[in-house]
Amino acid sequence: MKILIIGGVAGGATAATRLRRLSEENEVIIFEKGEYVSFANCGLPYYISGTIENRDSLLLQTPESLNERYRLDVRVFSEVVKIDVANKQVHVRHLKTNEEYIESYDKLLLSPGAEPIRPPFEGINSDKIFTLRNVPDVDKIVEKSLAAKSFVVVGGGFIGLEVAENLIEAGKQVKIIELSNQVMAPVDYDIASFVHEKSAEKGLELLLEVGVQKFQDHGEQIEVFLNNGTSIMTDAVVLAIGVKPETQLAKDAGLTIGATGGILVNKFLQTSQPDIYAVGDAIEVEHYIHKQKVLIPLAWPANRQGRIVADNIVKGNQYQYSGSLGSSILKFFELSIASTGLNEKLLKRNNIPYKTAIVTRGHHAGYYPGAKNMVLKLIFDDNGKIFGAQAVGEKGIDKRIDVIATAIKGNLSVYDLQEIEITYAPPYNSAKDVVNIAGYTAGNMLDDALKMINYDVMEDYIKENNAVLLDVRTASEFAKGHIQGAMNIPVDDLRDNFSSLDKSRIYVVYCQVGLRGYLAYKILENNGFNVVNLNGGYHIWSKVKPTVLP
Ligand SMILES: Cc1cc2nc3c(=O)[nH]c(=O)nc-3n(C[C@H](O)[C@H](O)[C@H](O)COP(=O)(O)OP(=O)(O)OC[C@H]3O[C@@H](n4cnc5c(N)ncnc54)[C@H](O)[C@@H]3O)c2cc1C
């Protein structure tokens with residue numbers, strides 16, 4: 001069988017090596033229009049700061065190494081310019097010689113990825129505006145950064161934040177322009193607020209809820225005009241406002257494109273032409289949870305899909321792609337921010353009822369040196385089905401989100417999270433892991449043993465119900481900052497103060513992170529009071545609400 005692959009990086013290279021491991025018989029040709037195959041796209045931002053020092057370490061394989069080990073025919077600078085579906089052929093142009101030729105196929109795999117979005121703003125073609133997709137792109141940014149002192153990064157998604165972080169590490173002045181009210185779209189505002197705070201701490205200026213209108217060159221500098229009537233003069237701009245699937249070739253070949261703009265594939269990852277498969281950033285996938293079609297341009301799905309397609313080509317269509325969860329993680333200075341599944345914003349938009357449990361705990365036992373707090377937010381429905389999770393902190397974030405992603409794919413419920421028997425010794429964990437605690441909290445909420453209220457509706461709730469806001473932290477914590485209008489009775493003094501409380505009122509209790517709030521909740525409830533607990537406590541409130549008293 002003759003198998004052609006368009007695109008030689010994540011999905012394409014994975015499929016090709018798997019094809020060879022499955023059979024020595026097939027002829028496999030990879031066409032890659034760039035100079036490099038199988039390079040580390042995800043590592044590119046770290047080369048800007050020198051964290052990854054050696055450029056060669058970004059190049060995971062070469063055409064020669066892939067040929068030597070896997071007997072793959074890898075053709076770089078080779079752009080497939082046409083797919084002739086009727087004759088099962090592709091037209092290839094060599095980008096150095098401009099020579100064109102035809103190759104026939106039995107099976108064809110498209111893994112052309114996605115390209116950075118470049119809106120048709122006035123001035124967009126300035127040589128001071130960069131995007132980041134491949135090794136030549138990062139070379140240009142690094143070269144520019146030798147002379148440039150200031151950068152504007154447009155877009156506060158993963159790539160924008162990684163680029164901004166690495167430019168700061170390289171000693172540059174950096175501003176991020178972001179249209180939304182938060183960075184990092186996959187997480188909700190409360191979790192993103194930790195990134196906002198970290199940006200300020202690191203001198204990275206975040207301009208939220210503002211968009212770019214146009215650019216204008218001024219000699220060595222470029223002016224970025226914003227839609228709030230202001231402008232910024234800077235040495236260089238990195239555009240990171242998202243990617244769009246590379247579908248032109250597929251469109252021209254008459255393959256069906258889905259409603260999201262990605263190539264439509266079935267469960268076996270076949271396009272509308274059965275002998276043509278497609279994977280990676282170029283395709284639309286079914287979301288694992290809500291089953292809607294989505295674009296999820298991440299490396300795990302591309303690699304998984306590449307392997308499935310290789311298996312399906314060699315063994316006949318036996319393997320189905322089960323959908324994407326969009327599990328992702330970002331390092332942002334000392335912080336890690338990760339998420340899996342659906343977030344609150346999306347659930348609200350789709351009118352899907354949900355609950356959240358926000359817990360804050362040390363990443364390992366507090367008495368063992370070096371414990372770092374983490375916030376874990378679990379999102380679930382009334383039956384305990386897990387919709388998603390988000391976490392932020394300095395350590396152990398990947399582990400917790402990976403456990404919950406595994407739980408979701410295993411169809412576990414929030415009650416099952418209580419059952420996950422974790423490894424424990426003080427340097428690694430607590431005997432009750434934060435994932436277990438999130439399961440307990442969610443279980444308590446579902447069993448009506450705990451009523452929670454979220455920060456975004458608390459003020460209205462208090463007004464509507466004439467409720468009392470009760471801070472159960474110590475007097476000194478209260479003095480350092482509290483929510484406006486709160487009264488303070490430390491949790492240990494509660495039982496002695498029942499006479500000053502009114503059983504006809506509702507008490508909204510909070511502490512720093514939720515644990516003492518929960519204990520206060522139970523003390524009050526067990527003594528006949530009507531109580532609600534603030535989800536995430538003062539820790540979350542102080543990040544998301546500007547109305548904190550000094
Ligand atoms: C800077 C950066 C950082 C990232 N960091 C992360 C991360 O930390 N975690 C994560 O999960 N994901 C990350 N990603 C995303 C991840 O790299 C992609 O999801 C993944 O590479 C997609 O694989 P793919 O095979 O679909 O496309 P790609 O890996 O992009 O490969 C597509 C290749 O096809 C080639 N091509 C396109 N059209 C043609 C044609 N007509 N003929 C020949 N060749 C063609 C392109 O030149 C390209 O090299 C990052 C991406 C970038 C750019």
- request: From 80, 90, 138, 152, grab the single residue that is outside the structural domain of residue 295 (by TED's automatic domain parsing) and in a strand (DSSP E or B).
  value: 152
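Conditions tested, residue by residue: (1) surrounded by fewer than 20 Cβ atoms within 10 Å (Cβ to Cβ); (2) under 40 Å from the mean Cα position of the chain (by Cα); (3) not assigned by TED's automatic domain parsing to the domain that holds residue 456.
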| residue | (1), (2), (3) |
| --- | --- |
| 467 | yes, yes, no |
| 496 | yes, no, no |
| 502 | yes, no, no |
| 505 | yes, no, no |
| 511 | no, yes, no |
| 519 | yes, yes, no |
| 525 | yes, yes, no |
Residue within segment 248-258 that is within 26 Å of the chain's Cα centre (by Cα) and either within 30 Å of residue 151 (Cα to Cα) or more than 16 Å from the ligand (Cβ to nearest atom) (or both) present: no
- prompt: Are there any pairs, at least 6 apart or on different chains, whose C-beta atoms fall under 8 Å, with the first in segment 109-136 and farther than 30 Å from residue 264 by Cβ and touching a residue at least 40 places away in the same chain (Cβ under 8 Å) and the second of a type outside the set (A, V, I, L, M, F, W, C) and within 10 Å of the ligand (Cβ to nearest atom), and if so, which?
  reply: 130/137; 135/34; 135/35; 135/36; 136/34; 136/35
- request: For segment 62-72, state whether one or more residues are loosely packed, with under 14 Cβ neighbours inside 10 Å, assigned to a loop (DSSP other than H, G, I, E, B) and of a type in the set (A, V, I, L, M).
  value: no
field: When residues of segment 3-40 are limited to those that are modelled with pLDDT of 95 or more and polar (S, T, N, Q), the one nearest to the ligand (Cβ to nearest atom)
entry: 14
message: What pairs come out if I take residues in segment 77-105 that are on the phi > 0 side of the Ramachandran plot and pair them with residues that are of a type in the set (Gly, Ala, Ser) and part of a strand (DSSP E or B) whose C-beta lies under 9 Å away, six or more apart or interchain?
response: 88/104
message: Cβ-Cβ distance below 7 Å, separation of 6 or more or different chains: which pairs start in segment 515-538 with a residue that is basic (Lys, Arg) and end on one that is part of a helix (DSSP H, G or I) and surrounded by 16 or more Cβ atoms within 10 Å (Cβ to Cβ)?
response: 516/491
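Which residues, counting only those in segment 289-306, are away from the ligand (no atom under 12 Å from the Cβ) and buried (at least 17 other Cβ atoms within 10 Å of the Cβ)? Write out each step before concluding.
Here is the first cut: in segment 289-306, the ones away from the ligand (no atom under 12 Å from the Cβ) are 289-294.
Across segment 289-306, the qualifying residues are 289, 294.
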task: Tell me which residues, restricted to segment 324-338, are away from the ligand (no atom under 16 Å from the Cβ) and either in contact with a strand residue (DSSP E or B) (Cβ under 7 Å, 6 or more places away or on another chain) or part of a strand (DSSP E or B) (or both).
output: none
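Restricting attention to strands (runs of 3 or more DSSP E) lying wholly within segment 174-256, give those where 1 or more residues are touching a Pro at 6+ places or on another chain (Cβ under 9 Å). Outline the logic, then answer.
Details: elements: 205-208, 212-218, 221-226, 231-234, 236-239, 243-245.
Fully inside segment 174-256 and qualifying: 212-218, 236-239, 243-245.
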Of the criteria (1) more than 26 Å from residue 376 (Cα to Cα); (2) out of contact with any strand residue (DSSP E or B) (no Cβ under 7 Å at 6 or more places or on another chain); (3) of a type outside the set (Gly, Ala, Ser), which one residue 511 fails: (1)
message: Among the residues that make up segment 181-198, is at least one of them in contact with a strand residue (DSSP E or B) (Cβ under 7 Å, 6 or more places away or on another chain), on the phi > 0 side of the Ramachandran plot and either in contact (Cβ under 8 Å) with a residue 40 or more places away in the chain or not acidic (Asp, Glu) (or both)?
response: yes
field: Those residues of segment 41-60 which are surrounded by fewer than 20 Cβ atoms within 10 Å (Cβ to Cβ), away from the ligand (no atom under 12 Å from the Cβ) and in contact (Cβ under 8 Å) with a residue 40 or more places away in the chain, in sequence order
entry: 50, 51, 55, 59
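The values are calculated or read from the model by the stated rules, or taken from the named source; none is laboratory data. The shown structure was predicted, so the numbers you read here are calculated from the model rather than taken from an experiment. A quick note on method: Cβ atoms are made from the backbone with ideal geometry, for glycine too, and the neighbour counts reach across all protein chains shown.
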